[in-house]
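These notes are about the structure you will find just below.
The values are calculated or read from the model by the stated rules, or taken from the named source; none is laboratory data. Fair warning: this is a prediction, and the values are worked out from it, not measured in the lab. For neighbour counting, all protein chains shown are included, and Cβ atoms are generated from backbone atoms with ideal geometry for every residue, glycine included.
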């Protein structure tokens, strides 16, 4: 699900998972929190990020990823919540949660959920950086480019 920055919290996420009717079957709950990193892979200093999404399509894809992964053995719930807006270094960008019967059920699914949303969802990131020479720059990058 796509949310504007500040409209959904980690507390909201955990509450929504615990409120599911079948949560009593869960013995493990894993959470991934993606945050704004202060340095690019090329060593530039990140000042801020701006994220946009083709929201209708992104929500459709995130929903499909969660539905696919919920079919895995021992998986109770999968949720992906990505934010859009302007973000400073250290701020939360995305929450991914997997609830499952056992820890062995949740870790591989959590990793797959993260990799799939990065690859499949139309979410666009603009980096505002200071390069190694001290020059301010900005550029749009895909998730694949920023690994």
Of the conditions (1) under 15 Å from the mean Cα position of the chain (by Cα); (2) within 19 Å of residue 125 (Cβ to Cβ); (3) modelled with pLDDT of 95 or more, residue 46 satisfies every one except a single condition; which number is it?
(1)
If a residue has to be on the phi > 0 side of the Ramachandran plot and either part of a loop (DSSP other than H, G, I, E, B) or at pLDDT below 95 (or both) to count, how many in the range 54-109 make the cut?
2
Here is a check on your reading of the model: is residue 35 under 18 Å from residue 17 (Cβ atoms) and touching a strand residue (DSSP E or B) at 6+ places or on another chain (Cβ under 7 Å)?
no
Residues (in a strand (DSSP E or B) and touching a residue at least 12 places away in the same chain (Cβ under 8 Å)) located in the range 17-46:
28, 29, 30, 31, 32, 33, 34, 35, 45, 46
Could you check the range 54-78 and list, in sequence order, the residues that are farther than 14 Å from residue 117 by Cα and touching a strand residue (DSSP E or B) at 6+ places or on another chain (Cβ under 6 Å)?
70, 74, 75, 76, 77
Of these, 13, 51, which one is in contact (Cβ under 8 Å) with a residue 60 or more places away in the chain, in contact with a strand residue (DSSP E or B) (Cβ under 9 Å, 6 or more places away or on another chain) and more than 30 Å from residue 130 (Cβ to Cβ)?
13
